[in-house]
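Data first, discussion second: the structure below is written as structure tokens.
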Amino acid sequence: MLATIISHPSCHQHRMPEGHPECPERLDAINNRLLTSGVDGLVMHRQAPAVTREQLLRVHEADYLDSLEQASPSEGIVAFDTDVYLSPGTLEAARHAAGAAAHGVDLVMAGETDAVFCNVRPPGHHAEPDRAMGFCLYNNVAIAATHALEHHGLERVAIVDFDVHHGNGTQTMFYDEPRVLFCSSFQHPFYPGTPVDVNVEHIVNVPLPATCTSDEFRAAISERWLPALAEFKPQLLLISAGFDAHEEDDMSSIGLTDRDYQWVSEQLRTLVDDSREGADASQHCRGIVSTLEGGYNLSALGRSAVAHIKALAKL
């Protein structure tokens with residue numbers, strides 16, 4: 001079964017101030033690496049639909065959505081919140097970024113693929129129900145999770161987030177939702193500075209020191225994430241795929257490499273393969289939908305994202 005890449009041309013039209021790291025070239029870095037590695041011809045490509053307001057309202061407040069529409073400029077770039085900017089093409093890009101994640105769920109549930117990567121921007125995991133922050137407007141992975149729960153009727157959805165920043169928005173949205181297991185690894189203390197020491201069984205936060213090495217990262221994932229995921233038995237796995245903990249990325253101090261992203265992706269892929277060995281179909285993990293979050297060194301981003309895609313696609 002072929003893996004699938006979902007994207008949309010509008011994701012290039014979200015503009016940030018000159019020199020901002022969250023730039024359209026991030027998508028090109030991944031696309032170019034897919035081509036030069038030969039992976040591009042081994043996967044399916046799909047164009048993302050736009051998210052619906054109904055899908056957005058499952059995780060975001062109506063007043064917040066309206067405020068984004070009202071603030072959207074007809075020209076130029078305006079600051080909407082700290083580290084959040086709007087340009088004329090921003091909301092169209094955000095609608096397709098969120099729509100890509102939901103569409104990935106649809107493709108997996110229809111049995112058309114069992115591994116999806118959404119090469120989209122803006123990212124989403126910092127967006128809270130009523131606030132944009134940290135480059136994020138709509139929480140793409142949360143929209144995908146609620147789509148799986150409410151539209152497809154799943155009972156157990158897992159989200160894993162290996163971006164170097166804590167997925168505060170995702171944690172907030174599912175804090176009281178035990179149908180969603182949220183596992184997040186991140187540099188700590190670091191942006192966004194939200195509480196990570198929570199006494200909630202279905203939230204597994206793994207704070208990492210700024211000096212974290214590959215071995216420490218792999219040990220933390222093996223000891224904290226993998227047992228929790230095995231016990232939870234997700235019917236669908238979603239990934240907030242941020243590559244900004246890479247040693248070449250100036251956004252953080254953690255020193256991961258391309259091989260670490262390949263390794264963690266291989267571990268997550270086994271959840272799909274191993275679950276199929278059981279007799280009870282309700283325990284099966286139908287597949288994986290991964291959506292791009294951070295990663296700002298273009299060379300490291302392209303290499304790491306393709307290593308991630310190859311592992312999910314078993315290439």
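Structural remarks
- Comparing Cα centroids, segment 259-278 and segment 211-249 end up 11 angstrom apart.
- Building the convex hull from the alpha-carbon atoms of segment 183-222 and averaging its projection over directions returns 3.0 nm².
- A helix-only calculation puts the chain at -11000 deg cm²/dmol for mean residue ellipticity at 222 nm, using -39500 (n - 2.57) for each DSSP H run of at least four residues, averaged over all residues.
- Normalised contact order of the chain, rounded percent, pairs of Cα under 8 Å and 6 or more residues apart: 20
- Accessible-area ranking of K233, K314, largest first, probe 1.4 Å: K314, K233
- Among Y64, P88, H103 the positive-end extreme of the charge dipole of the chain (Cβ point charges): H103
- Gaussian network model of the chain, Cα within-10 Å springs - most flexible of A144, A220, A305: A220
- The chain shape via C-alpha gyration tensor axes, a/c threshold 1.5: rounded
- Placing pseudo-labels 7 Å out from each Cα toward the beta carbon at L57 and Y175 gives an inter-label distance of 2.4 nm.
- Dipole in debye (nearest 20) - the chain, about Cα centre, beta carbon charges: Lys, Arg +1; Asp, Glu -1: 780
- Charge-dipole axis of the chain as Lys and Arg at +1 and Asp and Glu at -1 on Cβ define it, positive-most pick from A228, M44, L149: M44
- Check: segment 172-313 dipole with +1 on Lys, Arg Cβ and -1 on Asp, Glu Cβ, in debye: 400
- Beta bridges by DSSP in segment 107-223, antiparallel share as percent, to the nearest 5: 15
- Protein accessible area in the chain, 1.4 Å probe - carbon and sulfur %: 48
- Positive-end residue of G302, V116, G169, charge dipole of the chain with Cβ unit charges: V116
- Around the Cα centre of segment 56-202, unit charges on the Cβ atoms of Lys, Arg, Asp and Glu (plus for the first two, minus for the last two) sum to a dipole of about 240 debye.
- Applying the criteria of a DSSP loop state and at most 14 other Cβ atoms within 10 Å to the trypsin sites (Lys or Arg not before Pro) of segment 244-279 yields R276.
- Where the chain is the region considered: accessible area per residue in Å², 1.4 Å probe: 38
- With K and R counted +1 and D and E -1, the other residues having a Cβ less than 11 Å from that of P129 yield a net charge of -2.
The values are calculated or read from the model by the stated rules, or taken from the named source; none is laboratory data. Note that this is a predicted model, so its numbers are computed, not measured. FYI the Cβ positions are ideal-geometry reconstructions off the backbone, even for glycines, and counts take in every protein chain you see. These accessible areas exclude ligands, DNA and RNA; they are computed on the full protein's heavy atoms, side chains included. Shrake-Rupley method; radii C 1.70, N 1.55, O 1.52, S 1.80 Å.
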